[in-house]
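Structure first, then comments.
The values are calculated or read from the model by the stated rules, or taken from the named source; none is laboratory data. What you see is a predicted model; the values in this text were computed from it and never measured. Cβ: placed from backbone, ideal geometry, glycine included. Neighbour counts: every protein chain shown.
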Amino acid sequence: MARIGRLAPVWVIALLAALLAVGVSPAHAAASTTITVDGSKGGRTFDGIGAISGGGGNSRLLTDYPAAQQSQILDYLFTPDYGADLQILKAEIGGDANSTDGSEPSIEHSKGTVNCNAGYEFWLMKQAKARNPAIKLYGLAWAAPGWISGGFWSTDTINYLISWLGCAKQDGLSIDYLGGWNERGHDVNWYIQLRSALNAAGYSGVQIVGDDSGWGVADDMASNSAFNNAVQVIGAHYPCQGGDGGNADTCSSTANAKNNGKPLWASENGSLDMNSGAPALIRSITRGYVDADMTAYLNWPLVAAIYPNLPYATVGLATAGSPWSGNYSIGENTWATAQVTQFAQPGWTFIDSASGYLNGAESNGSYVTLKSPNGKDYSTVLETTTATAAQTATFTVQGGLGTGAVHVWATDVNHPSSATDFVHTQDITPAADGTYSLTMQPGYIYTASTTTGQGKGTATAPAAHALALPYSDNFDNDATSTEATYLSDMQGSYEVQPCASGRSGQCVQQMAPVKPIEWQDDSDAYSLIGDPTWSNYTVSSDVDLRQAGTVELLGRANTQNRPQSHQAAYEVRLSDSGAWSIAKNTSAGNLSTLASGTHASIGLNTWHTLSLGFSGDQITAKLDGATLGTVADNSYQSGQVGIGVVGYQTDQFDNLSVTPNAAGNISGFLKDANSGLCADVTGLSQNNNTPVELWDCNGGANQSWTATPAKQLQVSGTKCLDAAAAGTANGTAVQIYDCNGTAAQQWTVNADGSVVNTGSGKCLDATGGSTATGTLLELWDCNGGANQTWARGNTTGPLKGEGSGRCVDVPAASQDNGTKPALWDCNGANNQAWTSTATDQLTVYDTKCLEVIGAGTTDGTGVQINACNGSAAQQWRVRADGTVVNTGSGKCLDVTGAGTADNTPLEIWTCNGGSNQSWSRT
């Protein structure tokens, strides 16, 4: 049945006119496709387009948004004819362990104690159902609580899943689909047992999806009838080219999967940026059917409602990482999804003969056609995301389908813009013989449909702002067994519980008493809260150790890589014995002790106040108001706070507070992003008027610049970076001079890497954008150039090849000297985390350096890891253009033979700008 609704309002017509003016008008076609839309033909049944909340923690902050903005976000995701109009919602069945961006709570932390109010997935499903009663619900586990006996593939787990279904039922939710263990294959007998147990428990209507991994499940289903009968849907993850986050130019399934006759789903796909990923998203949907007969597509994730310092912070249909401000962004992925969901419903049928590739070639784009159950309405979705020229599709409609007006909607996914998102571009009246033509521009999604009623939401978000300090929470206004405001669990589960040890009121308690059955690596059980831009502050919390062990507070927690143990942060750790330490963890997962000592035993079941303070480089830990220790470190200048336990003790926290401190000195190098060289006082001089230039980073005192609260950049203790003669013109030289407090010596070091002079308003600039040693520094109008971007601390991350999409990897995670790095699939592991240091080294494991073998300088010389020794063979300039240049040889880090496969070795080669010499740090 056609949807009933209004046609395009005046503003849409005006917008269409604007689009026509910029080249979206019909043009001479480079290719032509004939499509016969025959209602007497058919194909597989469409099961819907959905998204995934989970894997993990990616919807967490939605619950803390102001009511108005929360409702707007949910409308964009679920309300029909408003935004993404999702038809399936897949939710994580929490297991108290991190499953990508956080840990989702179990309903049963301890065996026999079920809390159906745990977490937010049931809440989210109810919100989705309230907006679209027809939406299908799907549950899947990534992790499981640690009390389960026999591992995940056990009877205990089956009983746990049935308890979860009972909680859903208690919430008025009927679950349509249930999976096994995310991306961990399958146990045939377990699935057979699950089917029997579901039937016996009254859940015979719940369809089992197997196996949320790959197509191999279809092979076992073909050879085992009991297993085949137990599974109703065959679901594979990332079945399109490029896999997780890939380009999806083509998709694939297997003969056994296709021949089974059961629905084939991309039960997880995506991992795509909310804007730039839209072309691959639509290709996964259309080509997923054309190539592989897949009838449902579930995007990971639904929304990035996570803190922006976590992995995948811009991945999903939308982002919502600022609940205190209400700010959110609706991504291009939402409108790519709408081009399908607002025009076809689950139960519609694909028309195979009207689906394929434009002009028979993948490079031109693809299309699928679906018809309504009554055989009257149809919609054709066409994508031209890989096309380079305009082309025309000529349709012939027959076989009982309606031949009335065809409504065309379009989205320019190759150039995301609200002006070209989901626009009703035209209505076409077919000729008497049912024919009409549609001219399409490259980079678009078009939907030609006989249905009406589609719409584009108009709600807008308020501007983002930081979470104000001071911030505090005593948790007394929170209900028992809920999550505290803004607290986002990374491992374990933190819930509000009545305070113990003689204290009244409510506290936050770590609830997982034993190590869970994990989906990714283990770590401390910890939770983050607050604004990543917080810098100088003291975080304080009352702590109650209820078992022997160690509690911790985190501060300046910023970049987190996968797994969650790779959290860059400072920590104060305190054990019941009184042993304490101030530690630093890196985004490569390397924990080092900065200071430590012993205090009198604090015992168990008593309350104490622990704090960690920051002012510039100074870090101070206190217990009950008395200083435990102070240390200086400049690795991290800002970040969130956190609470945690080392292990899985059920310790409690109360009276969390974050109070601002005065800014302090911050020391470190100024590394030019363009050249990889450092700001250096020429000749180690301490004389006034000595110029400042670029030079190889060496960690020397003449390259160590201290940013003071007075906005000076001091070097050698008494000299300041100075605009010569207080000049304000472009090209004014930069020098050192006695510190005098003038505006010519005041500089603002910004988060974007710019260093701005107060007196002139101009930026510190490497003259002419030169990358040569000896290049003088000057003032110039701020323009965002790489030669005006200065790093202030060690940078840790992957080295990802532009040509291969793979990362520099130390094979087998070896730490042996002489091990030769090679390309490997990026996985965020320690052996792919490379730190660019103040002395131009690229370190891995904190102790090993990337080195040119034998200090060679000829093309083709290989590289290895070795103990760091400061030699030129171990010095590398990581430049903004993506090159990584060895100082000793002057040559670039290069992938041998421009290879792209796993295990391809690395070498040095004369720099040539090739993609096999271009490396990304993210």
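Of the residues contained in the stretch 823-835, one or more are found to be out of contact with any helix residue (DSSP H, G or I) (no Cβ under 7 Å at 6 or more places or on another chain), among the aliphatic types (A, V, I, L, M) and not in a loop (DSSP other than H, G, I, E, B). Counting the residues of the stretch 750-773 that are touching an Asp or Glu at 6+ places or on another chain (Cβ under 8 Å) and farther than 13 Å from CYS678 by Cα gives 3.
Can you work out which of the residues in the stretch 497-528 that are of a type in the set (A, V, I, L, M) and touching a Leu at 6+ places or on another chain (Cβ under 9 Å) is nearest to THR113 (Cα to Cα)?
The selected residue is VAL508.
Per the conditions (1) surrounded by 20 or more Cβ atoms within 10 Å (Cβ to Cβ); (2) at pLDDT 95 or above, the sole criterion not satisfied by GLN520 is (1). Of all residues in the stretch 174-207, those being assigned to a loop (DSSP other than H, G, I, E, B), of a type in the set (A, V, I, L, M) and crowded, with 19+ Cβ neighbours inside 10 Å number 2. Whether a residue is in the same structural domain as LEU89 (by TED's automatic domain parsing) and under 20 Å from GLY94 (Cβ atoms) was assessed, and VAL217 does not pass this test. Within the stretch 62-79, residues that are touching a residue at least 24 places away in the same chain (Cβ under 8 Å) and surrounded by fewer than 24 Cβ atoms within 10 Å (Cβ to Cβ) have Cβ atoms under 6 Å from residues that are part of a helix (DSSP H, G or I) and of a type outside the set (S, T, N, Q) in these pairs: THR79/ARG131, counting only partners at least 6 apart in sequence or on another chain. Evaluate the stretch 666-689: report whether one residue or more is of a type outside the set (S, T, N, Q), over 38 Å from the mean Cα position of the chain (by Cα) and within 23 Å of ASP752 (Cβ to Cβ). For the stretch 666-689, residues of a type outside the set (S, T, N, Q), over 38 Å from the mean Cα position of the chain (by Cα) and within 23 Å of ASP752 (Cβ to Cβ): absent.
Within the set THR748, THR795, THR773, THR732, the sole residue that is surrounded by fewer than 19 Cβ atoms within 10 Å (Cβ to Cβ) and more than 35 Å from the chain's Cα centre (by Cα) turns out to be THR773. Taking the criterion of being crowded, with 23+ Cβ neighbours inside 10 Å and not acidic (Asp, Glu), the residues of the stretch 776-789 that qualify are LEU777, LEU779, ASN787, GLN788.
ALA500 falls short on exactly one of the conditions (1) more than 18 Å from TYR471 (Cα to Cα); (2) buried (at least 23 other Cβ atoms within 10 Å of the Cβ); (3) in contact with an Asp or Glu (Cβ under 7 Å, 6 or more places away or on another chain), and that condition is (2).
Exactly one residue out of LEU161, LEU137, LEU165 is hydrophobic (A, V, I, L, M, F, W, C), crowded, with 19+ Cβ neighbours inside 10 Å and closer than 24 Å to SER71 by Cβ: that is LEU137. None of ALA405, ALA410, ALA432 is modelled with pLDDT of 95 or more, of a type in the set (Gly, Ala, Ser) and within 19 Å of GLY83 (Cα to Cα) except ALA410.
Of the strands (runs of 3 or more DSSP E) lying entirely inside the stretch 739-807, those containing at least 3 residues that are in contact with a Cys (Cβ under 8 Å, 6 or more places away or on another chain) span 755-757. From the list VAL631, VAL641, the lone residue that is crowded, with 22+ Cβ neighbours inside 10 Å, on the phi < 0 side of the Ramachandran plot and assigned to a strand (DSSP E or B) is VAL641. Of all the residues in the stretch 889-910, those that are surrounded by 18 or more Cβ atoms within 10 Å (Cβ to Cβ) and not in a strand (DSSP E or B) number 4.
Comparison of SER592, SER596 shows that the only residue that is surrounded by fewer than 19 Cβ atoms within 10 Å (Cβ to Cβ), of a type outside the set (A, V, I, L, M, F, W, C) and over 26 Å from ALA813 (Cβ atoms) is SER596.
Each row is one residue, and each column tells you yes or no for (1) under 25 Å from the mean Cα position of the chain (by Cα); (2) in a strand (DSSP E or B); (3) among the basic types (Lys, Arg).
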position	(1), (2), (3)
ALA512	no, no, no
ASP522	yes, no, no
ASP531	yes, no, no
SER535	yes, no, no
ALA548	no, no, no
LEU574	no, yes, no
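Pairs are defined by a Cβ separation below 7 Å, a sequence spacing of at least 6 or placement on different chains, a first member in the stretch 290-308 that is on the phi > 0 side of the Ramachandran plot and touching a residue at least 12 places away in the same chain (Cβ under 8 Å), and a second member that is part of a loop (DSSP other than H, G, I, E, B) and among the polar types (S, T, N, Q); the pairs so defined are ASP293/SER253.
Scanning the stretch 810-834 for residues that are crowded, with 20+ Cβ neighbours inside 10 Å and either among the β-branched types (Val, Ile, Thr) or more than 22 Å from LEU310 (Cα to Cα) (or both) yields VAL810, PRO821, ALA822, LEU823, TRP824.
Under the condition of being closer than 28 Å to GLY555 by Cα, part of a strand (DSSP E or B) and at pLDDT 95 or above, the residues counted in the stretch 655-702 number 8. Scoring ILE234 on the criteria (1) within 28 Å of GLN127 (Cα to Cα); (2) in contact (Cβ under 8 Å) with a residue 40 or more places away in the chain leaves a single failure, condition (2). Can you find a residue in the stretch 15-26 that is at pLDDT 95 or above and either touching a helix residue (DSSP H, G or I) at 6+ places or on another chain (Cβ under 8 Å) or among the acidic types (Asp, Glu) (or both)? Looking through the stretch 15-26, none of the residues is at pLDDT 95 or above and either touching a helix residue (DSSP H, G or I) at 6+ places or on another chain (Cβ under 8 Å) or among the acidic types (Asp, Glu) (or both).
Of all residues in the stretch 58-80, those satisfying the criterion of being within 24 Å of ILE175 (Cα to Cα), in contact with a Gly (Cβ under 8 Å, 6 or more places away or on another chain) and assigned to a loop (DSSP other than H, G, I, E, B) are ASN58, THR79. The lone criterion from (1) closer than 29 Å to CYS678 by Cα; (2) free of Cβ contacts under 8 Å to residues at least 60 places away in the same chain; (3) surrounded by fewer than 20 Cβ atoms within 10 Å (Cβ to Cβ) left unmet by LYS800 is number (2). Residue check: ASP156 meets all listed conditions (1) within 30 Å of ASP81 (Cα to Cα); (2) outside any loop (DSSP other than H, G, I, E, B); (3) of a type outside the set (Val, Ile, Thr) but one, namely (1).
For GLY453, are the conditions met, namely being at pLDDT 95 or above, surrounded by 17 or more Cβ atoms within 10 Å (Cβ to Cβ), in contact with a Gly (Cβ under 8 Å, 6 or more places away or on another chain) and in a loop (DSSP other than H, G, I, E, B)? It would help to see each step written out before you state the result.
Working: at pLDDT 95 or above: yes; surrounded by 17 or more Cβ atoms within 10 Å (Cβ to Cβ): no; in contact with a Gly (Cβ under 8 Å, 6 or more places away or on another chain): yes; in a loop (DSSP other than H, G, I, E, B): yes.
Considered against the rule, which asks whether it is at pLDDT 95 or above, surrounded by 17 or more Cβ atoms within 10 Å (Cβ to Cβ), in contact with a Gly (Cβ under 8 Å, 6 or more places away or on another chain) and in a loop (DSSP other than H, G, I, E, B), GLY453 comes out as no.
Among the candidates GLY404, GLY400, the residue that is at positive phi and either assigned by TED's automatic domain parsing to the domain that holds ILE445 or free of Cβ contacts under 8 Å to residues at least 60 places away in the same chain (or both) is uniquely GLY400.
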